Amino acid sequence: MDYVAAAALLIFVLTLVLMIKRPRGIKIGYAAGIGALASLLVGTVSLGQAAESFLDIWDAALAFIGIVAFSVILDAMGFFKWAALKVVRAARGSGLRLYIYISLLTAAVSILFANDSAVLILTPIVLEIISQLKIDGKGRLAYLFAAGLIADTAAMPLITSNPINILSADFFGYTFIDHLIIMAPIAVATIMSSLAIVYLMFRKKIPQSYDTTAVDILAWSSPIKPQMLKVCIATLVAIDVGYVAASMARIPVSVVICSVAVFLLAFYMASLNGEIIRGERKGLKGLARDINWDIVIFMLASFIVVEGLANAGITEVLSSALLQASSLPSVLSVFVPSIIVTIGASFMNNWPMTILGLVSIDGIAATVALSGETFTTLVFSNIIGNNLGPHFFPLGSLAILMWLEIMKRKGVNISLISYLKVGAVLSIVEVLVASAVLWVEIAVLGLTLTV
């Protein structure tokens, strides 16, 4: 192993250690930033390559900022609290219905606003709901896992549901519609299977009923105004139409997201009427503080660190493993590549693993004449492994790390063993289900991307 390879591997390992240990409470973005700076100083990555890295991820990073900003503004308007209260009332006192409805609400928010936004916004709301309804003990874990793991599971059907989806689409040049056609059925299958598995694990703990009178006294600090609700719904419709139109016109998806976020921000600020002064709603600074800028730093820094691994030839090992796995018979040709990615994503985080997967697949395509079926298998196995595999182990997903941190701040501690009993089982089953559906789509229905 030469100097560059050894240095790149050492920097990568040390960066992972910083991300896991987070000494003195260092943020995960800063931990990755230290690794990126070391890569530049040591010479495993050049400044030119770092600039190219930015060009590779700018759409995903800007889209992430736009999605989170959009979500934060909707939350400030009271939209998510309104939706959650509707769900609680619709359950009509049934603990089982409440679990199903919270799971579906979480999935919907994750699909439309990305998994990170779903976790950041809905976890505190779900905690408040179960507290007000006096659901405690292990019973509340079913609802909390629904708010965390199912949010992470659901971030697949739209390119915008997860920044790694945007990065993959930009990297290989396929469209919003291409992604939707292949990933929507997979998302439905995995959401339903996840909902069933979490229920089976907690079925004896979910209360049969709850006091419906408590629903009427759920007091939200920022009830949504009818005019705001209409604008929220209208912008949701507009942004979905915009996704399709932008995809057909080959316009970066971040342009649509940020445009809608700016419009909604302007409407929100114009409608305040002194409510900031009275402390009833957040101002511009309050909204900005709610955006997780740390993750944006993490995105760019991780890309630079992984670029060092690519320069060192480390990705050749992954390329070889993925190529051999994709040649296995039947559904194994999808399941094994997905599991390889799952293992990597679980223990190094899905963002750097996504980048490694993309670079490795690109390397395979550059050296081997891939069929449309094999290329599609590799691209979407990478997405499956990095969307579903990360919640095998908490480090794998930023959304899960944030979910655990939010609950800890609220006094709910989930041990690593308790988490693994649910997360590890759920992750493997989800990857199995997703791989089976993808194999049917490619091998039976003939759905493929253009190489």
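No value in this document is a laboratory result; all are computed from the given coordinates. Just so it is clear, the model here is predicted, and its values are computed rather than measured. Here the Cβ is made from the backbone with ideal geometry for all residues, glycine too, and neighbour counts use every protein chain on show.
Ranking of 319, 209, 338, 94 by neighbouring Cβ atoms within 10 Å, starting from the fewest: 209, 94, 319, 338. Adding -39500 (n - 2.57) for every DSSP H run of four residues or longer, then dividing by how many residues the chain holds, sets the calculated 222 nm ellipticity at -25000 deg cm²/dmol. For region 140-182, the residues whose backbone nitrogen is under 15 Å from a point 7 Å from the Cα of residue 412, taken along Cα to Cβ, are 140-152.
Residue-normalised convex hull volume from the C-alpha trace of region 328-451: 98 Å³ per residue. Using the Cβ-Cβ distance between residue 131 and residue 208 with R0 set to 30 Å, the FRET efficiency from 1/(1 + (r/R0)^6) comes to roughly 0.95. Residue exposure proxy: 384, 181, ordered by other Cβ atoms within 10 angstrom of their Cβ from fewest to most, comes out as 181, 384. The alpha carbon convex hull volume per residue for region 1-157 rounds to 161 Å³. Size of the chain: Rg and Dmax of its alpha carbons, in Å, are 21.7, 69. Between residue 47 and residue 273, the simple spin-label model (points 7 angstrom out along Cα→Cβ) gives 5.4 nm. Between residue 225 and residue 244, the modelled label-to-label distance comes to 3.2 nm, taking each label 7 Å out from Cα in the direction of the beta carbon.
Computed extension gain for residue 428 through residue 92, at 0.36 nm per residue and net of the alpha carbon distance, reaches 117.6 nm. Under the combined filter of DSSP loop state and at most 13 neighbouring Cβ atoms within 10 Å, region 254-361 retains these GluC sites (Glu not before Pro): 275, 280. Fewest neighbouring Cβ atoms within 10 Å first, the residues 210, 30 line up as 30, 210. Annotation: peptides 427-435, 171-179, ranked by per-residue average of other Cβ atoms within 10 Å with the highest first, follow the order 427-435, 171-179.
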